[in-house]
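Taking it in order: structure first as structure tokens, then the write-up.
The values are calculated or read from the model by the stated rules, or taken from the named source; none is laboratory data. Just so you know, these numbers come straight off a predicted model, no measurement behind them. Using ideal geometry, Cβ is built from the backbone for each residue, glycine included, and neighbour counts are taken over all protein chains shown. Heavy atoms of the whole protein, side chains included, go into the accessibility calculation; ligands, DNA and RNA do not. Shrake-Rupley method; radii C 1.70, N 1.55, O 1.52, S 1.80 Å.
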Amino acid sequence: MSARIVVVGDVLLDRDITGSSERLSPDAPVPVVDVRHVHASPGGAGLAALLCAGRAGGLPGEPPTVVLVAPLAEDDAAAELRAQLTGIDVHALGHEGGTRTKTRVRSAGQTLVRIDAGGPGTPLEVDAGGLAAVLGDADVILVSDYGGGITRDESVRRALTETAARVPVVWDPHPRGGSPVPGCAVVTPNLAEARAAWGRLDTARAEVPDESLAEALRVGWDTRSVAVTAGACGAFLATSGTAELLPTVPVDSSDPCGAGDRFAAAVAVQLAAGGSVHRSVEAAVAAAARWVEAGGAAAFRDGRIGPDGPAATRRPASRPLAQDPQEAAIHAVAATRARGGTVVATGGCFDVLHPGHLETLRRARDLGDVLVVLLNSDDSVSRLKGPDRPVVAQQDRAALLMGLRDVDGVLVFDEDDPRAALDRLRPDIWVKGGDYTPDLLPEAPLVRSWGGRVEVLPYLPGHSTTGIVQRITAGNVDAR
């Protein structure tokens, strides 16, 4: 059973407008940017949630189940956010004002201007009982504060304070947010945030050297540990009266945006997997360095990297069979949606792969930019095909599918039909093989409800998994 991480925080929509700038405006001495691309993706707690779902610590095994608790507006930008939070269970709170957006105009790898709009994003109509129930089921809670007001809300603070006594809380603070609640497992300010926080805590404004800030804040905030991130130096970690520097390898980068989210998400994932605070922070230091080196949040938004490093090319010639199929699906879909691409999904048992399957997968992949296979679990196949099926177990079926260059990820579902899995994934195109019309598919109305479309591809004649199994059972191994 996978760990459950609940991310609590402020969500915003990040947009990058990228282009070339080769002249100044005749109206004012400002650069003119000729737009080439516009990329949008979840920011703030939304990015943190995607990083957690992508197994931000690089651990083996199942990625965690991630729940996002955040104020969400009812507007087009919020709908875009929801559509891109693939694989995330969203517990929405009321939201004051429009969706907060941060739009960066970029040229030659540099940000020329940032435009903030929307908000304030203060939570409204918080259901204290519902929030307590969501937090109570968590293995780890990550608070991703982006100054929108969620960490200053009394109902939210009360629920987090009560839960912190029994569930590890990782708190990523913000200068305009509330102070961490007592009892947090780890608080992760950067050096500038730590200095500002100490100034608010100590009215006498006593000077504290950087290497002592983590311990001073640990005592002042009444938390179990504090990890102050210090850029190219690494992180200062204080636990139980001791402080030490966990160094990192310096990397070349002009844009560290998102490194704090990457760091906090990695700490949360490592703790959820049973790691100690020390080991979790060590892993997070390394993860943040890799993130910055690969291009940071801007590279994540335009699909050049996934949560754990450089993204795969559109059609990789090969992929390690050890890559987790569900993680691959989450990463591929998030990166594709971040760059405005088309997500295609198909489904089935795929018990014994044959040329008919390969043809369907190839043609499905040609319809978009990424293909995810929704795979019936072993129990589901047995109910549909009989007690002697499947011939090949679900883990091996998923691994075989992942070995195909046309498949970018696999999600296993346990129901008898894929509608619940489809509702979680919400692909742009749903592909089925067969000789029926799209209107006869029970999942067709669901797919169309979010603006998706259904495509039916004819089967390649003369190929059937059931026929192959029957011939093998009868002792005829020639399955032609």
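Note on the range 181-195 and the range 224-238: Cα centroid distance 9 Å, given to the nearest whole angstrom. For the peptides 411-419, 70-78, 221-229, 6-14, the ranking by packing is 6-14, 221-229, 70-78, 411-419, with the highest mean count of neighbouring Cβ atoms within 10 Å listed first.
Would you please name the GluC sites (Glu not before Pro) within the range 99-168 that are DSSP coil residues with at most 16 other C-beta atoms within 10 Å of their C-beta?
Details: sites: E125, E154, E162; in loops: E125.
Counting only loop positions with at most 16 other Cβ atoms within 10 Å, the GluC sites (Glu not before Pro) in the range 99-168 are E125.
Secondary-structure-derived ellipticity at 222 nm for the chain, considering helices only, amounts to -10000 deg cm²/dmol, per-run term -39500 (n - 2.57) for DSSP H runs with n ≥ 4. For L457, nonlocal amide neighbours, meaning residues 5 or more places apart or on other chains whose placed amide H falls under 5 Å from its own, are K432, G433, G434.
Applying a 10 Å radius around every beta-carbon, put 180-187, 378-385, 275-282 in order of their mean neighbour count, most first.
Details: 180-187: 23.4, 378-385: 16.6, 275-282: 19.1.
Averaged packing, sorted descending, gives the order 180-187, 275-282, 378-385.
Relative protection proxy for 21-28, 32-39, from highest mean packing down: 32-39, 21-28 (other beta-carbon atoms within 10 angstrom).
Among residues other than V391 with Cβ under 11 Å from its Cβ, the summed charge is -1 (Lys and Arg +1, Asp and Glu -1).
Can you tell me the FRET efficiency between R279 and R157 if r is taken as the Cβ-Cβ distance and R0 is 41 Å, rounded to the nearest 0.05? Spell out each step's value before the answer.
On the way: r = 29 Å, r/R0 = 0.71.
Taking R0 as 41 Å, the efficiency between R279 and R157 is 0.90.
Taking the accessible area of the chain, probe 1.4 Å, and keeping the other protein chains in place, the carbon and sulfur fraction comes to 52%.
Note on the range 412-446 and the range 79-133: Cα centroid distance 29 Å, given to the nearest whole angstrom. Annotation: amide H of T111 has no partner in the under-5 Å range at sequence separation 5 or more or interchain, hydrogens built in the peptide plane.
Percent antiparallel among DSSP beta bridges with both residues in the chain, to the nearest 5? Provide the component values of the computation, followed by the final result.
On the way: 35 of 84 bridges.
Beta bridges within the chain, antiparallel portion: roughly 40 percent.
Taking label points 7 Å from Cα along the Cα-to-Cβ direction, D202 and E359 give a separation of 7.5 nm.
Amide H contacts for R100 (H built 1.01 Å from N in the peptide plane; partners 5 or more residues away or on another chain; cut-off under 5 Å): L13, G119. Each label was represented as a point 7 Å from its Cα along the Cα-to-Cβ direction; for E244 and L191 these points are 2.1 nm apart.
Report the calculated FRET efficiency for S449 and S21 (r = Cβ-Cβ distance, R0 = 35 Å), to the nearest 0.05.
Working: r = 42 Å, r/R0 = 1.20.
It comes out at approximately 0.25.
Using C-alpha pairs below 8 Å separated by at least 6 residues, the relative contact order for the chain is 12 percent. Per residue, the chain exposes 44 Å² of solvent-accessible protein surface, assessed with a 1.4 angstrom probe and all protein chains in place. Annotation for D406 and E211: the two label points, set 7 Å from Cα along the Cα-Cβ direction, are 6.0 nm apart.
Expected output is a single nm value to one decimal: the length gained when fully extending between D416 and A117, i.e. 0.36 nm times separation in residues minus the C-alpha distance. What is it?
Between D416 and A117, full extension yields 103.2 nm more.
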